[in-house]
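Just below is one structure, and these are the notes that go with it.
The values are calculated or read from the model by the stated rules, or taken from the named source; none is laboratory data. As the structure is a computational prediction, the values presented were derived from the model and not from experiment. Here the Cβ positions follow ideal geometry from the backbone for every residue, glycine too, while neighbour counts run over all protein chains shown.
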């Protein structure tokens, strides 16, 4: 029997920049942002408070810039700015879908986003607004996975939902190793011991130390709602 009551009253949804690509090789597919907005709206209609941390890899990835010879801090700041662009696109789609939003950036860009203030973010969640976090932590060398874990703890989210390209955590990359085995659940310690790459180890360590579960699943229609309802989907890291 499909549950109808949410398993979590406040979530942080971690979206990669690539989740906005759609079928494009680069940039933002606006039909995809509309799809994401409606998926988030469905979850919000359940009475769930939703925060979103978004990456920027569809536009610029700091590590790639560093590998090409850029100064790592400069490259990472470019990547952080890319997340703000994605945040603006998703914010527009959410508002067109009927959601009231609050966009908080860790880099001060007052013309397009408010600076992150923890109490203000919590207040906006309590008012039923979708809170968008961009620019990671505002510092180089930290991934948006780690930023998402920290923001989730700061706003007291009950779970991190990481929507990605694969439908959970595997013993190896299933795109490279067809015989890779999927975990239904996995402990934080084993995840770290195995060196699994689907989520940044610093983020997983932070969640382990604060008992914040993570659900990793593929970004398909209805999957965010299923995860919120507590249906068995993807992999639960705990």
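Odds and ends about this structure:
- One residue stands out in segment 54-79 among those that are under 17 Å from residue 141 (Cβ atoms) and within 14 Å of the chain's Cα centre (by Cα): the one that is surrounded by the fewest Cβ atoms within 10 Å (Cβ to Cβ), namely 57.
- Residue match in segment 172-184 (condition: in contact (Cβ under 8 Å) with a residue 60 or more places away in the chain and within 19 Å of residue 55 (Cβ to Cβ)): no
- Any hit, segment 175-187, residues being over 23 Å from residue 116 (Cα atoms) and crowded, with 16+ Cβ neighbours inside 10 Å: yes
- One residue stands out in segment 126-168 among those that are more than 23 Å from residue 79 (Cβ to Cβ) and over 16 Å from the mean Cα position of the chain (by Cα): the one that is surrounded by the most Cβ atoms within 10 Å (Cβ to Cβ), namely 129.
- The one condition from (1) closer than 22 Å to residue 32 by Cα; (2) part of a loop (DSSP other than H, G, I, E, B); (3) in contact with a strand residue (DSSP E or B) (Cβ under 6 Å, 6 or more places away or on another chain) that residue 136 does not meet is (3).
- With respect to being surrounded by fewer than 19 Cβ atoms within 10 Å (Cβ to Cβ), more than 22 Å from residue 47 (Cβ to Cβ) and touching a strand residue (DSSP E or B) at 6+ places or on another chain (Cβ under 9 Å), residue 205 falls outside the description.
- One residue stands out among those in segment 223-238 that are over 20 Å from residue 44 (Cβ atoms) and over 16 Å from the mean Cα position of the chain (by Cα): the one that is modelled with the highest pLDDT, which is 238.
- Residue count for segment 173-194, restricted to those that are in contact with a strand residue (DSSP E or B) (Cβ under 7 Å, 6 or more places away or on another chain) and in a helix (DSSP H, G or I): 2.
- Answer from 220, 197 - the residue that is at pLDDT below 95, surrounded by fewer than 19 Cβ atoms within 10 Å (Cβ to Cβ) and assigned to a loop (DSSP other than H, G, I, E, B): 197
- Test: residue in segment 13-27 that is in a helix (DSSP H, G or I), free of Cβ contacts under 8 Å to residues at least 60 places away in the same chain and buried (at least 20 other Cβ atoms within 10 Å of the Cβ): no
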